[in-house]
Ligand SMILES: Nc1ncnc2c1ncn2[C@@H]1O[C@H](COP(=O)(O)OP(=O)(O)OP(=O)(O)O)[C@@H](O)[C@H]1O
Ligand SMILES: [Mg+2]
């Protein structure tokens, strides 16, 4: 059985991959591309599952190959083997890839990536366990498998898992890429946390498609799925359950959004949300950081134990307050407390939301009350409520709205690449 196929012009890489995969690898030399991608497709083994394209293939060749191979085998997993270069994100944007692998990645990294893609394909009904006969790190007997009821079955069949498998793409994985976790927090309710969290996820997905996950950790009254018009099958309760220690199970707990990011939906009831242990919430963030470039966390208002648990596991915090004196005072108290207990995040972004000239306060007044500079002002705008009621992130619903522009400036503080990418797209 040859589930893996390599199309490359590097004899050296071919030798390396053959050492790792042995008989399970078929190789089609890149020279066949002289006769067009169809010539390569006609030489595929009988039932390939994963194609590795590269190294030493250019963009046009890779695109032609991706199209020709998936026309023949629509469920084929596609990996581009290419070093990290500045144009790589264009490849990821424009080709229907499942992963990107550096040709210099260690054997362990390479095997782990192939292994993860195989697991994902099996979980999504694109392949069966038997296709990866004699798998890499996967042991057929040991791999827990989930059927529709969530129980473990002995002889998994792809058909059994397919109906419950979510319709989402595997995040592009780039070896060595640092990951960031950003929490959106506020001492009081109704300040705009969910609005910002949803838009941050949507904006970050522009530079890291399918490598962003938004966790609704507002455990009692989370409303991320409402703000995004999603109807999740699974929620955070499934994502933190013991069964989710298995990566496949964890991934089935995610809901895909058409803006190329994933959502861990809020708990189905306040009681269930409250019963989530704080350490399980922290573990969930860490685990998702291992698979996603950006983890965005919407939180419960205040500094309860869940919010503190989130703050222990993040790299950036967006603090949101409106222009009311009680909210600003509460923010000052929150800052004092976090500094005292050593939980003030390294990267802090203070957002003054719903700014309004009629509030009777200036931005300077607000800064004086909270005792810290305001980083971003988001004006009050009816477009925010409209977008939320339509279930669309504001930055996509009404990009010219002043609040949307302000949210973009918050995005570029967190990830300056967002700006570069937009400028490049505008130039094009
Ligand atoms: N800049 C803005 N202009 C106008 N309305 C806004 C703005 N930001 C948020 N809102 C509105 O304020 C309300 C509360 O916003 P949001 O749900 O984002 O806050 P939250 O902090 O998540 O609230 P909760 O604590 O209840 O979860 C929503 O109706 C939202 O549409
Ligand atoms: Mg909210």
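General observations
- Peptide ranges 72-82, 258-268 listed from the most packed, as the mean C-beta count within 10 angstrom indicates: 258-268, 72-82
- Principal-axis tilt of helix 278-289 within the chain, Cα atoms, nearest 10 degrees: 50
- Of all DSSP beta bridges in region 180-427, antiparallel share, percent nearest 5: 10
- Relative contact order of the chain, defined on C-alpha pairs under 8 angstrom at six or more residues apart (%): 13
- Descending principal axes extents, the chain, alpha-carbon based, whole Å: 73, 51, 38
- Relative pair counts by distance (%), Cα atoms of region 1-69, 5 Å bins: 4, 19, 32, 26, 16, 4
- With helices as the sole contributors, the chain gives -11500 deg cm²/dmol at 222 nm; each DSSP H run of n ≥ 4 counts as -39500 (n - 2.57), and the sum is divided by every residue.
- Each peptide in 234-244, 354-364 receives the mean, over its residues, of other Cβ atoms within 10 Å, and ordering these scores from highest gives 234-244, 354-364.
- Spherically averaged projected area in nm², based on the convex hull that wraps the Cα atoms of region 180-427: 12.6
- Ranking of 384, 325, 297 by neighbouring Cβ atoms within 10 Å, starting from the fewest: 325, 384, 297.
- Antiparallel %, DSSP beta bridges [both residues in the chain], to 5: 10
- Protection proxy ranking of 5-15, 203-213, by the mean of other Cβ atoms within 10 Å over each peptide's residues and highest first, is 203-213, 5-15.
- Shape category assigned to region 352-405 from the gyration tensor of Cα positions, a/c cut at 1.5: prolate
- Degrees, to the nearest 10: 402-414 long Cα axis against longest axis of the chain: 60
Throughout, read-outs are computed from the coordinates displayed, never taken from laboratory work. Remember, it's a predicted structure, so these values are computed and weren't measured experimentally. So basically every Cβ, Gly included, is an ideal-geometry build from the backbone, and we count neighbours across all protein chains shown.
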